[in-house]
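J.: Okay, handing you the structure first.
The values are calculated or read from the model by the stated rules, or taken from the named source; none is laboratory data. Fair warning: this is a prediction, and the values are worked out from it, not measured in the lab. Quick reminder, even Gly has a Cβ in these numbers, built from the backbone with ideal geometry, and neighbours come from all protein chains shown.
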Amino acid sequence: MNDRAASRNEKTADLGHTQLDLDRQRRCGFSEVIFGEAKSVDALVRIVERLLAAGQPVLATRLDAEKGSRLAEHFPTGRYHPTGRTFRIDAAGDHVRRGRVAVVAAGTSDLPVAEEARETIEWMGVEAELVVDVGVAGPQRLAENLPRIVGSDAVVVVAGMEAALASVLGGHVDCPVIAVPTSVGYGANFGGLAALLGMINSCAANVSVVNIDAGFKAGYIAGMIAARAHRPAGQEASHVRSAAHQ
């Protein structure tokens, strides 16, 4: 067995500073995602190299411009998104997107979180439609953009301030709404706490909530919903097939 084949069969890669889960794609459908905020460029490069050696796609989040540009130089097939602060290398082969998620941002100040969500969804092989600046301060803008949102497999709503957009939009769609409170707002917003409480107390039954500024988490959940909804008939996670045949 050559080195590349061996790496594909390995479940955990010990990189010293990191115990990289190479089996997550088989178990959970998607490879391990890198939280890049506190990692050095050298550490990030080693992790990305190891994932690529195992034939797995790469997504790193919370990267500043310096880390992102360094990774882009080292891996020219990758893409750094400066607003979303993500770096990704998509899966090789089939690039047909399955499923659709609308990412809806209340204001342009919410864009960094919304773009993190969109990059995550697209990395998962799902189409992501970004709708921006449709907050409740101008309700006519939401009405004008509803045709771009209705019919999605899931909707990610990103909002700060009082975060009323999640409840309003929840009453217009027949799919799960994953709400992301952001830290955008004045003093009584308490760094996103007011938005979080507003979304948690939503009266719309289809709204669920993730942590403050957690665009990746919302995007990942929405991407999983869409990917499962459009999974080809008879296809399931490899570990489920294995268990069924034991």
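J.: For segment 41-90, how many residues are on the phi > 0 side of the Ramachandran plot and either at pLDDT 95 or above or buried (at least 19 other Cβ atoms within 10 Å of the Cβ) (or both)? Even if it seems obvious, please write down each step before you answer.
T.: Filtering segment 41-90 for residues on the phi > 0 side of the Ramachandran plot gives 55, 62, 85.
From the residues that got through so far, the ones that are either at pLDDT 95 or above or buried (at least 19 other Cβ atoms within 10 Å of the Cβ) (or both) too are 62, 85.
Qualifying residue count, segment 41-90: 2.
J.: Does residue 176 satisfy the criteria of being surrounded by fewer than 23 Cβ atoms within 10 Å (Cβ to Cβ) and not assigned by TED's automatic domain parsing to the domain that holds residue 58?
T.: Details: surrounded by fewer than 23 Cβ atoms within 10 Å (Cβ to Cβ): yes; not assigned by TED's automatic domain parsing to the domain that holds residue 58: yes.
Yes, satisfied.
J.: Further question on the same structure: Say we look at segment 120-141 and pick out the residues that are under 22 Å from residue 33 (Cβ atoms) and of a type outside the set (Asp, Glu); which of these is farthest from the chain's Cα centre (by Cα)?
T.: It comes out as 130.
J.: Looking at the structure I just gave you, is residue 84 closer than 26 Å to residue 164 by Cα and outside the structural domain of residue 161 (by TED's automatic domain parsing)? Break it down stepwise before answering.
T.: On the way: closer than 26 Å to residue 164 by Cα: yes; outside the structural domain of residue 161 (by TED's automatic domain parsing): yes.
Taking the combined requirement at face value, the residue satisfies it.
J.: Next up: Could you check segment 152-190 and list, in sequence order, the residues that are of a type in the set (Ser, Thr, Tyr), in contact with a Cys (Cβ under 9 Å, 6 or more places away or on another chain) and outside any helix (DSSP H, G or I)? Steps first, please.
T.: Of all residues in segment 152-190, those of a type in the set (Ser, Thr, Tyr) come to 152, 167, 182-183, 186.
With in contact with a Cys (Cβ under 9 Å, 6 or more places away or on another chain) added as a condition, the list becomes 152, 167.
Residue satisfying the conditions is 152 alone.
J.: Residue 57 is checked against (1) out of contact with any Asp or Glu (no Cβ under 7 Å at 6 or more places or on another chain); (2) not assigned by TED's automatic domain parsing to the domain that holds residue 212 and fails just one. What number does that condition carry?
T.: Every condition holds for residue 57 apart from (1).
J.: Strands (runs of 3 or more DSSP E) wholly in segment 33-151 with at least 3 residues that are under 20 Å from residue 222 (Cα atoms) and in contact (Cβ under 8 Å) with a residue 24 or more places away in the chain - which ones?
T.: Values: elements: 58-61, 79-81, 86-89, 100-105, 127-132.
Answer list for segment 33-151: 58-61, 86-89, 100-105, 127-132.
J.: Just name the residue that is modelled with the highest pLDDT out of those in segment 191-218 that are in a helix (DSSP H, G or I), closer than 17 Å to residue 169 by Cα and in contact with a helix residue (DSSP H, G or I) (Cβ under 7 Å, 6 or more places away or on another chain).
T.: Step by step, filter segment 191-218, then rank; the result is 218.
J.: Of the conditions (1) modelled with pLDDT of 90 or more; (2) in contact with a Lys or Arg (Cβ under 9 Å, 6 or more places away or on another chain); (3) more than 30 Å from residue 169 (Cβ to Cβ); (4) not β-branched (Val, Ile, Thr), residue 11 satisfies every one except a single condition; which number is it?
T.: Tallying (1) modelled with pLDDT of 90 or more; (2) in contact with a Lys or Arg (Cβ under 9 Å, 6 or more places away or on another chain); (3) more than 30 Å from residue 169 (Cβ to Cβ); (4) not β-branched (Val, Ile, Thr), residue 11 fails exactly one: (1).
J.: Just checking, which of 144, 116, 162 is within 19 Å of the chain's Cα centre (by Cα) and acidic (Asp, Glu)?
T.: On the way: 144 fails: within 19 Å of the chain's Cα centre (by Cα); 162 fails: within 19 Å of the chain's Cα centre (by Cα).
Checking each option against the conditions leaves just 116.
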